[in-house]
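Here is the structure we will look at, set down as structure tokens.
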Amino acid sequence: MSNIRYKIKKLHENRGVTDAHQINVVFSEESRVIVEAPAGYGKTKTLISKIAYLICDKYIKNSKKILILTFSVNAAYKIKKDILINLPIILEEYISSKDQLSNHIFSTNYHGFCRSILNKYGYLMEDTLKDLNSFETVDFDENSSEKKINLNRAEKTFLIDFKNNLKMSNREYIEKNILKYKSIIIEKFIPVEKITFDSIIIFVLCLFYEYPEILKFYQLYYPILIVDEYQDTNILNFMLVETLITPETRIILFGDPLQRIYGFLGAVPNIMSISKEKFNMELFKLKTNHRFENENMLLLDKNLRKHAKNLNNPSITEDAIIKCIASDDQQSEAKNILNKIKYLSGEGEKIAVLCRLRSENLNLLKRELRNINYFDAVFSDEDPDYIKFHNICKRIFNQIVGDELNIFNMRIINRFVKDVKVEFKIEENIIFDSLIYLLEVFLESIREEYNFLTQKQQIMIIKDSLERKSLKQSLENVKHDVILTTIHGAKGLEWDYVIMPDLEKYSFPLYYTCKECGFNQTCSINWNETSEDFKEKYLEELNVFYVGATRSRKETIFSFSRRNAPYNSLSGANCFLRLEGIKLIKDSIEDNK
Ligand SMILES: Nc1ncnc2c1ncn2[C@@H]1O[C@H](COP(=O)(O)OP(=O)(O)OP(=O)(O)O)[C@@H](O)[C@H]1O
């Protein structure tokens, strides 16, 4: 054991100094641990070492497993890859093969976990659930136009209400209506071989309720539960986690409250502190950033966090000095950003331009960027073209693999890509060019990075990713030196330099937030006079700003215009750029490196 401890300590050494806070988490004997760690503070690294420590300290008996849950499919596979690469190094004498290691852990996303349970026991509630893998998974909300599903008006209204209550984390409503939701899915969706994303978790909650002996089995089978990106947990995820926990379960939760940017999809507000209280957990904070190379970036991170914690009185002690491109109008802003990129690139530096969302301003920028070789990845999950691309790929892929799930090779990949290209040949839309490239990058990573998986598992990741519309998570494997994407799409990724355009009022925070703020000309907010609801909306925007600003290893450069494009209206630096603790200095294109 002392050898293992030595090896783990060595792994957590940076320039000769061991990160004691990470080590405290790894070696802690507490059975309920919650770890708060901003991006780049070594959450994932700590998680991997913790698993190694738990396995070799015999916390996990032979027939039991550690369950590791995450929000996205790709995050789950990334963790699994890290585990399979790193753990054998730490655990040489404890684990003889990767297979043996796989026997101890199950790393998946919430939906993947629930699917695995429904594949085994779903038939107990509804016989046809044994064919779950061949069903099409759909998201049902007010924009849905599912023609094949014969819903009456009352059912449609109910499903929309249910979704809205889910987004509002209204647990009381969900608990009261869960059975009704389940029966509509069974009566109307399953006969046409469709199922909703939410119902995959709902069916498992119902199964556990109806068959407590099955729940008991899973509770004993997974004596250790680890959840990553816990701040994104929605109310259904939370109910699932809660159900799996017994007084004996060891729980380790990792997250960062400030990176909660999926509130609009239902991430529960304050989920980290709620869980800390509810499960009586010991809080550990990681204190050292291992990502930033620049003192001002550390200060920016620190000061933004202080604001998020206390809007009224952030107690700033030192300013972060951040470069900012101030332009007269959107056209000159676009030109200035292009010049900045040209100046920064050239030595293999990776640069990202991160925007809030698609807009008229962004189109001007895109026109300028056509002068360089950049990768355009500005699509949101709700984008019709983005959804269409995934749906068509899903259909083509299913046709190619058919029922034969055990064979996955280059011939299948080539045919798949060729057929997709044929399908989109006539579309003159840069989004589809980007998505085809992203698809190729994604397939290459499955073949090369996930070669430790069986061919069937590789096919299932592809199906899962197309279904979850998560191609944009392959952005980190794109070879271009310059990427234009949204802040939401950049979550969890990092580049050498980040440029954030359009940081003017009415663009970011979004127009509606500025409207609620009364189009406040000075952008200074009196927090004693604002409603809780406004505070919450503002904080969510601040979180998005924080996630964007902390994606760079070397430097983040802000940019804004004095006039906004659509109406050429007067604008100017937004409220975030005026926060105490951020000192802007004029960027004169050449002075960055
Ligand atoms: N103690 C350490 N010594 C050396 N490098 C470290 C240490 N901790 C983390 N790192 C490195 O810092 C980088 C960020 O770590 P990691 O990815 O674990 O952070 P994170 O908190 O999970 O960030 P994110 O939320 O962005 O994924 C990685 O390259 C990791 O290898």
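The values are calculated or read from the model by the stated rules, or taken from the named source; none is laboratory data. All of these numbers come straight from a predicted model, not from anything done at the bench. Backbone-built Cβ (ideal geometry, glycine too); neighbour counts: all protein chains shown. The accessibility values were calculated without ligands, DNA or RNA, using every heavy atom of the protein model including side chains. Shrake-Rupley method; radii C 1.70, N 1.55, O 1.52, S 1.80 Å.
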| For the stretch 384-477, what is one quarter of the convex hull surface built on the Cα atoms, given in nm²? | 5.6
| message | Given a 1.4 angstrom probe, what's the average accessible area per residue across the stretch 113-208, in square angstrom? | response | 48
| note | Farthest towards the positive end of the dipole of the chain, among L539, I235, N165 and with Cβ unit charges of +1 on Lys and Arg and -1 on Asp and Glu, lies the Cα of I235
| field | Ranking by accessible area, most exposed first, for D19, D161, D82 with a 1.4 Å probe | value | D161, D82, D19
| field | Mean-position separation - Cα centroids, the stretch 465-482 and the stretch 519-586, in angstrom | value | 28
| remark: Residue-normalised 222 nm signal for the chain, counting each DSSP H run of n ≥ 4 as -39,500 (n - 2.57), nearest 500 deg cm²/dmol, is -14000 deg cm²/dmol
| Over all distinct alpha-carbon pairs, what is the Kirkwood Rh of the stretch 113-208 in angstrom? | 13.6
| field | Cβ-based charge dipole, the stretch 271-362, positive-most Cα from F279, Y343, L311 | value | F279
| note | Packing-ranked peptide list from 194-204, 501-511, highest mean Cβ count within 10 angstrom first, is 501-511, 194-204
| Above-threshold pairs, the threshold being 24 Å between Cα atoms, out of K421/K463; K130/K194; K45/K163; K388/K505; K418/K472; K45/K285 | K45/K163; K388/K505
| query | In debye to the nearest 20, how big a dipole does the chain give about its Cα centre with +1 on each Lys and Arg Cβ and -1 on each Asp and Glu Cβ? | reply | 760
| field | the stretch 227-241 - phi-based ³J(HN,Hα) in whole Hz, Karplus 6.51/-1.76/1.60, Gly and Pro as x | value | 10, 9, 6, 5, 5, 8, 4, 9, 5, 5, 4, 5, 4, 5, 4
| field | Percent accessible area from carbon and sulfur atoms, the chain, protein chains only, probe 1.4 Å | value | 48
| query | Which one of M500, G548, M460 is farthest out on the positive end of the charge dipole of the chain, using unit charges on Cβ (Lys, Arg +1; Asp, Glu -1) and the Cα centre as origin? | reply | M460
| message | Treating only the Cβ of Lys, Arg, Asp and Glu as charged (+1, +1, -1, -1), what charge dipole size does the stretch 384-477 show about its Cα centre? Round to the nearest 20 debye. | response | 240
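What Kirkwood hydrodynamic radius, in Å, does the stretch 449-537 give when the mean of 1/r is taken over all pairs of distinct Cα atoms and then inverted? Kindly include the intermediate steps, with their values, before the conclusion.
Details: mean 1/r = 0.0582 Å⁻¹.
Taking the inverse mean of 1/r over all distinct Cα pairs, the stretch 449-537 comes out at 17.2 Å.
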| field | Distance (nanometres) between label positions extended 7 Å along Cα→Cβ at E136 and S531 | value | 4.0
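Write down the accessible area per residue of the stretch 384-477 in Å², having rolled a 1.4 Å probe over the full set of protein chains.
That works out to 49 Å² per residue.
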| task | For the stretch 113-208, give the magnitude of the charge dipole about the Cα centre (Cβ charges: +1 Lys/Arg, -1 Asp/Glu; no others), in debye to the nearest 20. | result | 80
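Regarding the chain, what whole-number volume in Å³ per residue does the convex hull of its Cα atoms give?
169
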